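The values are calculated or read from the model by the stated rules, or taken from the named source; none is laboratory data. Treat the numbers as computed from the prediction; the structure is a model and nothing was measured. FYI the Cβ positions are ideal-geometry reconstructions off the backbone, even for glycines, and counts take in every protein chain you see. With ligands, DNA and RNA removed, areas are computed over all heavy atoms of the protein, side chains included. Shrake-Rupley method; radii C 1.70, N 1.55, O 1.52, S 1.80 Å.
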Amino acid sequence: MSAKIIMYTTGICPYCVRARRLLDSKGVSYTDIRVDRHPERREEMETRSRRHTVPQIFIDDQHVGGCDELFALDRAGKLDPLLGRD
């Protein structure tokens, strides 16, 4: 079963672009909530993550952090299992 992935992003953030590219390279689908297009969703992001920066990434409702944390999980071999790609 594939993981449910939600990312809160903006269009111009280079870290958001990197996170999208990594997830795209894994062949997984995700929901990309653009807080620049839907500013009312920013408060939701901040409440869920307790952070103010983008991207904020959730895998199966677990907050994994931002771009750096996503890449660190991948380097440690822990991202694929979270994504359901054992």
Worksheet entry | Count - residues of the stretch 1-47 that are among the hydrophobic types (A, V, I, L, M, F, W, C) and closer than 15 Å to His63 by Cβ | 7
Item to complete: Determine whether Gln56 is touching a Ser or Thr at 6+ places or on another chain (Cβ under 7 Å) and of a type in the set (S, T, N, Q).
Response: yes
Discussion item. Can you say whether Asp61 is open to solvent by 90 Å² or more (accessible area, probe 1.4 Å), of a type outside the set (A, V, I, L, M), more than 22 Å from Ile12 (Cβ to Cβ) and out of contact with any strand residue (DSSP E or B) (no Cβ under 6 Å at 6 or more places or on another chain), as far as the supplied structure shows?
Written reply: yes
Practice prompt. Please work out which one of (1) within 13 Å of the chain's Cα centre (by Cα); (2) over 27 Å from Asp86 (Cα atoms); (3) in a loop (DSSP other than H, G, I, E, B); (4) among the aliphatic types (A, V, I, L, M) is the condition Val28 fails and give its number.
Written response: (2)
Practice prompt. Would you check which residues across the stretch 1-15 are within 8 Å of the chain's Cα centre (by Cα) and among the hydrophobic types (A, V, I, L, M, F, W, C) and list them?
Written response: Ile5, Ile6, Met7
Worksheet entry | Which listed residue is among the aliphatic types (A, V, I, L, M) and either open to solvent by 70 Å² or more (accessible area, probe 1.4 Å) or within 11 Å of Tyr8 (Cα to Cα) (or both), from Val54, Val28 | Val54
Worksheet entry | Of residues in the stretch 64-86 being in contact (Cβ under 8 Å) with a residue 12 or more places away in the chain and more than 22 Å from Asp36 (Cβ to Cβ), the one most open to solvent (accessible area, probe 1.4 Å) | Arg85
Discussion item. Looking at the stretch 1-30 only, could you name the residues that are in contact (Cβ under 8 Å) with a residue 40 or more places away in the chain, among the basic types (Lys, Arg) and touching a strand residue (DSSP E or B) at 6+ places or on another chain (Cβ under 8 Å)?
Written reply: Lys4
Worksheet entry | Members of the stretch 31-51 that are part of a loop (DSSP other than H, G, I, E, B), open to solvent by 70 Å² or more (accessible area, probe 1.4 Å) and in contact (Cβ under 8 Å) with a residue 24 or more places away in the chain | Asp36, Arg37
